[in-house]
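What follows is a set of notes on a single structure, which appears directly below.
The values are calculated or read from the model by the stated rules, or taken from the named source; none is laboratory data. Please read all numbers here as calculations on a predicted model, not as lab measurements. Glycine gets a Cβ as well: all are built from the backbone with ideal geometry, and neighbour counts include every protein chain shown. Just so you know, the surface numbers come from the protein's heavy atoms only, side chains and all, with ligands and any DNA or RNA stripped out. Shrake-Rupley method; radii C 1.70, N 1.55, O 1.52, S 1.80 Å.
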Amino acid sequence: MIYARISHIDLLTPMGDTLEIFFRELVKGKSAIAPNNRFDCSAFRSQMAALVPGISPGDRRSSAGDGTSSADNKTSLAQMFEKLITRNAQLIPEDTRLIFAATVGEIDRLEKALLNCDSSGTGASTLLKTASWLGDALGLKKPPYVVSAACASASAAVERAKFLIQSGKEKDVLVASADCVSEFVFSGFSALMAIDKEGARPFDRDRSGLTPGEAAGIILLTADDVPSEEHFYVAGAASSSDANHMTGPSRDGSGLARAVENALRDAGLQPGEIDFIAGHGTGTRYNDGMELKAYKKIFSNPSPLFSIKGAVGHTMGNAGLLQLAVSVQAMKTGTTPPSTGISNLDKEAVGWVHSVALNKPSSNALVANAGFGGINSALIVARGRMCHENLAKTADYGEYPIKIRSEIQFICSHENEKMLEEYQSLRVEESILKSVKNFKKFDTYGKNLFLAAFKLITKTKGQKWEPSKTAILVVDRDGALDANTHYFNHYLENGRSMGSPNKFIYTLPTSICAEIGICFGISGALLYMSSTESDLYSFALNQAEDIVHTGHHDHIYLFVHDNDSIKAAFITLHPGAENES
């Protein structure tokens with residue numbers, strides 16, 4: 001058995017530029033949420049944000065080519081990672097695999113390009129470009145991976161890293177994650193009416209939204225043959241989705257509960273062995289309510305639950321990395337931090353959430369995250385002595401090879417009317433036809449991806465697959481670049497006063513696969529990945545194989561966009577399945 005040891009952590013947050021400082025202030029109940037002075041927020045629902053001190057907005061009149069450009073043109077992410085690189089480059093082995101996790105990453109680079117009317121400069125903002133220069137700056141030899149799963153991105157990346165370690169494929173995996181407070185993100189969440197005017201108040205009775213925050217961090221996982229008492233390990237990990245709504249979670253919490261149950265099973269632990277929960281706790285009414293319902297489905301007695309978002313805001317794709325780091329520090333110190341920002345505790349949170357720190361020794365923690373499109377992620381962090389031989393179902397990696405049950409090649413179109421006609425001509429059940437309205441809102445790439453999915457899934461409809469054990473993986477090189485450009489241009493054309501909520505919800509790399517999941521009721525993991533490897537389809541098949549070998553999924557729908565075509569495949573782990581392509 002190979003164990004995934006957390007061998008190194010470093011952070012840069014709005015409330016401290018190291019984990020130790022951040023945790024100390026968190027335990028005191030401090031908050032870094034304050035008026036945003038980085039850009040004009042007068043047109044938005046709130047002016048409150050949590051910003052990393054010393055990060056300059058740069059010259060917003062011009063765009064830069066890469067993360068190492070002149071000081072005036074460095075993106076917020078580049079400035080944050082520059083500090084982490086300086087402190088950590090010599091500590092990371094050069095044969096480490098890098099996984100970069102984010103939602104929109106260097107989105108301020110795209111902002112600058114479009115403000116300068118330079119559409120050709122937007123391509124430098126992709127997550128893959130960021131991963132590439134970050135890997136180079138750290139002196140790493142292997143090509144980096146990108147993982148994006150909305151606001152569960154960092155947790156999903158840690159899940160992938162854990163598998164790479166435990167499968168013996170990698171000895172060291174570095175998860176690096178960051179998102180920044182930007183006009184792009186601020187305008188979008190303001191348009192969704194999802195921002196609290198006063199500042200986020202997770203699990204408070206009067207909560208009314210999130211507060212945008214930013215942070216950067218790295219976590220290095222290293223392979224251990226024997227768990228050590230003084231170390232901490234990622235013992236369990238799992239993901240799921242709600243197949244419910246693009247912006248609203250499943251009200252009963254069943255999707256998150258399923259991810260938590262699978263993560264516990266992965267770790268070989270019972271619910272009663274969890275000492276505390278580092279919750280997602282955004283401060284929105286429905287998210288916090290959903291979380292509490294999910295935990296109550298699993299835990300017969302309340303377990304201490306806290307959210308860090310009242311202190312540092314919602315750091316988007318980075319949120320899970322911060323929660324994981326805080327969980328490790330809480331177990332090291334024997335102190336469970338409080339939830340900041342509570343004035344009137346929600347009655348449903350009584351006995352779970354506390355506004356003061358708890359002095360309590362702990363050995364096992366649950367880290368939970370949720371995101372747009374109903375994405376859910378759960379991680380279990382454990383002390384070395386708690387790692388059992390039955391820690392993971394993944395001990396027998398690769399027992400069965402994957403089988404491609406069906407495969408199609410879809411040539412992309414650039415004629416919107418033609419794509420709409422093709423979509424409407426597909427004869428499907430009436431329950432699926434309701435998605436036509438949303439289809440019109442997709443950008444060109446989104447329409448093509450959805451059409452490819454439609455054709456493959458309807459082709460495989462007669463085959464038996466369990467929705468909760470079926471995953472969706474989308475792989476390409478550009479992420480949501482076109483959708484991001486479309487959203488921000490529309491925002492600029494409207495005088496920078498308000499973004500379009502209907503456009504903003506499709507600015508994530510996982511947005512379209514979430515709509516696919518909702519349309520067809522697929523409630524397994526939803527994931528976006530990217531790589532610089534030349535054969536993108538082979539890379540994608542390897543990732544699909546890894547996902548089904550984790551033991552949580554039996555099937556996966558894979559969609560790979562490269563060179564103006566989409567190759568789509570329905571893959572199963574079951575032995576003896578025949579290739580039907």
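Net charge near Ala365: determine it from the other residues with C-beta under 13 Å of the C-beta of Ala365, scoring Lys and Arg +1 and Asp and Glu -1. Charge balance near Ala365 sits at +1. Less than 5 angstrom separates the built amide H of Asp562 from those of Lys567, all sequence-distant by 5 or more or on a different chain. With a threshold of 24 Å on the Cα-Cα distance, the over-threshold entries among Lys74/Lys162; Lys293/Lys469; Lys74/Lys503; Lys403/Lys455; Lys297/Lys441 are Lys74/Lys162; Lys74/Lys503; Lys297/Lys441. Considering only Asn489, Ser307, His553, and ranking their Cα positions along the charge dipole of the chain that arises from unit charges at the beta-carbon of Lys, Arg, Asp and Glu, the one farthest toward the positive end is Ser307.
Over region 402-573, with the other protein chains present, what is the accessible area per residue in square angstrom, probe 1.4 angstrom?
Numbers: 6650 Å² over 172 residues.
That works out to 39 Å² per residue.
Averaging the sequence gap over all C-alpha pairs within less than 8 Å and six or more residues apart, then dividing by the number of residues, gives region 285-370 a relative contact order of 36 percent. Quick check of the Kirkwood formula: for region 330-381, what is the inverse mean of 1/r over all pairs of different Cα atoms, in Å? With all distinct Cα pairs of region 330-381 included, I get 13.0 Å.
Net charge near Leu456: determine it from the other residues with C-beta under 11 Å of the C-beta of Leu456, scoring Lys and Arg +1 and Asp and Glu -1. Write down the numbers at each step before the final one.
Numbers: positive: Arg405, Lys455, Lys459, Lys461, Lys567; negative: Glu407.
Local net charge: +4.
Along the charge dipole of the chain, which of Ala150, Phe439, His245 sits closest to the positive end, that is, farthest toward it, with unit charges on the beta carbon of Lys, Arg, Asp and Glu (+1, +1, -1, -1)? Looking along the dipole axis, the top candidate is His245. Please report the net charge: other residues with Cβ closer than 14 Å to the Cβ of Leu138, K and R +1, D and E -1. Value of the local net charge: -1.
Sorted into 10 angstrom bins from 0, the C-alpha pair distances of the chain split as 4, 19, 31, 28, 15, 3, 0 percent. With 29 Å as the limit on Cα-Cα distance, the pairs of Lys309/Lys332; Lys30/Lys142; Lys440/Lys567 that go past it are Lys30/Lys142. Looking at the chain, the DSSP beta bridges with both ends there are about 70 percent antiparallel.
Rounded, prolate or oblate: which fits region 478-550 when a ≥ b ≥ c are the square roots of the eigenvalues of the alpha-carbon gyration tensor, with rounded for a/c under 1.5 and prolate only if a/b beats b/c?
It comes out oblate by the Cα gyration axes.
What's the carbon and sulfur percent of the chain's accessible surface, probe 1.4 angstrom, rounded to a whole number? Intermediate values should be presented prior to the final figure.
On the way: 9520 of 20250 Å².
The computed percentage sits at 47.
Annotation for region 98-147 versus region 349-380: alpha-carbon center distance of 31 Å.
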